[in-house]
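Here's the structure we're looking at; comments come further down.
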Amino acid sequence: MQNLFREVLAAGWLAASVAILPSLTLAEMPITYKDENRALFHVSVPDFWTVRAGGERAVTAPGSNEARLINRVIGLTPVSEDGIWMGFISPHGVSTYEQSLEYLRGVGPFLVKDAEVQERKQISVGGLPAARLTGSGSRDGKSVSFTAVVVDLPRDRVAISVVVMEAGVNPDLVSDVNAVFASFRAVR
């Protein structure tokens, strides 16, 4: 009887662990970017990353007296390591690639100093037309590379994402960033 009890318990534990495993391997946190109660896009954030959201605010670039209104920013960072940051924004009044570049020129000094664009490429993100800029610069006195992605959203909006990472960042974190981009879906 005791052996039968152990076998039933072991079989039950195995079934329970197998049922749990798929949810653990597919775990992620869905995030929806909203503006004025309108959902614009969704992304999924990998486990062991933190998400911070900031609302609208006015910021002034270093060496300037001109304040600039910044919409809600969703920022993502890994829990275990420093040296990489990913952000998403959908600025008001920005609906084209050219306007997005102008917007990035305005907020760029807050993210990367002495930025030099090295590549521009047309891509697709979440089945939508997008453009990617990559380059290098510095942040907090350290050399960094950056990637800025502009996604053409429905209804005259864009989503802008910027990734800033220090040299030598863990390759697994780069895979996480790629997974976030792969999860990107516009709300139609």
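Numbers at a glance
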| quantity | calculated |
| --- | --- |
| Candidate aspartates and glutamates for bridging to K142, where Cα separation is under 16 Å - those fewer than 8 sequence places away on the same chain excluded | E81, D82, D114, E116, E166 |
| Directionally averaged shadow of region 28-186, computed from the convex hull of its alpha-carbon atoms, nm² | 9.0 nm² |
| From phi via Karplus (6.51, -1.76, 1.60), per-residue ³J(HN,Hα) for region 127-143 in Hz, x at Gly/Pro | x, 10, x, 8, 9, 10, 10, 10, x, 9, x, 9, 8, 6, x, 10, 6 |
| Amide hydrogen neighbours beyond the local backbone of I123, cut-off 5 Å, H modeled | A130, A131, R132 |
| Of all accessible heavy-atom area on region 28-186, the percent that carbon and sulfur account for (1.4 Å) | 48 percent |
| Residues whose placed amide H lies under 5 Å from that of V187, excluding near-sequence neighbours | F41, H42 |
| Dipole magnitude of region 28-186, debye to nearest 20 (Cβ charges: Lys/Arg +1, Asp/Glu -1, about Cα centre) | 380 debye |
| Accessible area of region 49-163 divided out per residue, in Å², using a probe of 1.4 angstrom | 53 Å² |
| Selection from V112, V125, Y33 lying farthest towards where the dipole of region 30-129 points positive, charges on Cβ | Y33 |
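The values are calculated or read from the model by the stated rules, or taken from the named source; none is laboratory data. Model, not experiment: these values are computed from the prediction. Quick reminder, even Gly has a Cβ in these numbers, built from the backbone with ideal geometry, and neighbours come from all protein chains shown. The area values use the complete protein model at the heavy-atom level, side chains included, leaving out ligands, DNA and RNA. Shrake-Rupley method; radii C 1.70, N 1.55, O 1.52, S 1.80 Å.
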